[in-house]
Amino acid sequence: MDRSRGRRVDPALMVVGGAMTVFALVALVRWMRELPLGVDSAVYRAGGFAVVEGESLYSPLRALPEWAPELPFTYPPFAALLFTSLTALPTQLCWGLLALASAPSLYFALRPFADRAHLPLLLLGAFALQPVWQTVGLGQVNLVLMAAVVTDMVLLRESRWRGITIGIVAAVKLIPLIFIVHLLVVRRTADAARALAAFLGATAFATAVLPVDSVRFWTSAIFNDHFAEMKGWVGNQSWQGFVARTVPEGRTTTVVIVGFGAAFAALSIWLVRRLDRAGDDRAALLVTAGCSLLISPISWTHHWVWVVPAIGCLAAGGRRVLALVIAVLFTGWTVAVVPGGGGAERDWNLAEALIGNGYLIALLVAGLTRLPRRITLYTSGRRTSFLDVRRVLPASFV
């Protein structure tokens, strides 16, 4: 009897394989026809060339193709060292390489959060979400970094190597540093120590190889003045982006950013600790990811790839209505239908403000559903309940 006939190919892997095939064909066709492809992957490649040619990494990149906008290299020097591998390929094939890596990365990032039966459909639908298709289209590394974080935090939970991957990806893009704080909050001190050691080791290595660029990055380039001017653009769905669009400039802006940012961080820490004690480490991880998107000065729409495992988690937990609403919201239409650019965001009416800040609002609503239905305080021996989520959201959401 041939047992191989009884084996079924995993539909989720078929989705991944199909996506990789499409990406490979697109990259080959665009390369053969010498057509533009992958703005951000072109920047990565140009940064790698700057290292190889001994040029300044944080000055205008000379190796950018003619069709690419003159974007700066904004990553730490360690990332540029990794991107030197891209210099061996044409620009379009660099995009193809990152796109090929994005498909399995999406699978590994979503699998721990979704029901096995729903995984193929969720994977297929994920490519319709703006953070995913924009990440793939630009040639970004967001999906790869997310998969690395999920692998470290979930799949390697009991491994003695846990934390090392977090430190390495944080040396590539600084935002994952927040997951070291997460490890400390859930009292995984040894894991946090390994993560910090890996980050410092990778950063020290980059400093030894690129001392001048390292000094420039940590003293000036890290502040990213180029993108700071675009903070109020609708494509920035962080708290600072919201404030830049709605609060008049001045001291009030700083107070609102710092005050509410600290409150969001404190609430996230409390919620992460509570979820972890309840054994829901996956939801705790998503809270930390959401906090990073919220408090980061810049959270471009393509940074919001964490919405994919969040949707999987909501669907697996029976919150299918909320999962569907968020999925529809994150297809990208909210950014497309409102006026954007050139300060137009400051003239939004109420409806446009609700739509244009949709990603941020969705994050806050989803976070609210993770709160206990009733929070009870004990004051002077008396019990006081001060929040009932059931009175705030429809029952199908909570």
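Here, each number is a calculation from the coordinates, and none is a lab measurement. It should be emphasised that the depicted structure is a prediction, and the values quoted were computed from it without experimental measurement. Note: ideal-geometry Cβ built from the backbone for every residue, glycine included; neighbour counts use all protein chains shown.
Based solely on its DSSP helices, what 222 nm [θ] is calculated for the chain when runs of n ≥ 4 H residues each add -39,500 (n - 2.57) and the sum is averaged over all residues, nearest 500 deg cm²/dmol?
It comes out at -18000 deg cm²/dmol, rounded to the nearest 500.
Whole-Hz ³J(HN,Hα) for each residue in the range 84-97, computed from phi via Karplus 6.51 cos²θ - 1.76 cosθ + 1.60 with θ = phi - 60°, x for glycine and proline: what do you get?
So the Karplus estimates, Gly and Pro as x, are 4, 5, 6, 5, 7, 10, x, 4, 5, 6, 5, 4, x, 5 Hz.
Can you give the Kirkwood hydrodynamic radius of the chain from its Cα pairs, in Å with one decimal?
Across the chain, the inverse of the average 1/r is 22.5 Å.
Work out from phi, with θ = phi - 60° and the Karplus expression 6.51 cos²θ - 1.76 cosθ + 1.60, the ³J(HN,Hα) of each residue of the range 288-301, listed in order in whole Hz, and give x for Gly and Pro.
Result, rounded to whole Hz: 5, 4, x, 4, 4, 5, 6, 8, 5, x, 10, 10, 4, 4.
For the chain, with the dipole built from +1 on Lys and Arg beta-carbon atoms and -1 on Asp and Glu ones, taken about the Cα centre, which of V154, T87, T74 lies farthest toward the positive end?
In the chain, that residue is V154.
Under 8 Å for C-alpha pairs, at least 6 residues apart: give me the relative contact order for the range 171-311, rounded to a whole percent.
28
Pairs of Cα atoms under 8 Å, at least six residues apart: use those to get the relative contact order of the chain, whole percent. Walk me through the numbers on the way to the answer.
Working: 540 pairs, mean separation 60.4, N = 398.
Answer for the chain is 15 percent.
Could you give me the ³J(HN,Hα) list for the range 271-279, computed from phi with Karplus coefficients 6.51, -1.76, 1.60 and θ = phi - 60°, whole Hz, x at Gly and Pro?
With coefficients 6.51, -1.76 and 1.60, one gets 6, 4, 5, 5, 5, 5, 5, 7, x Hz.
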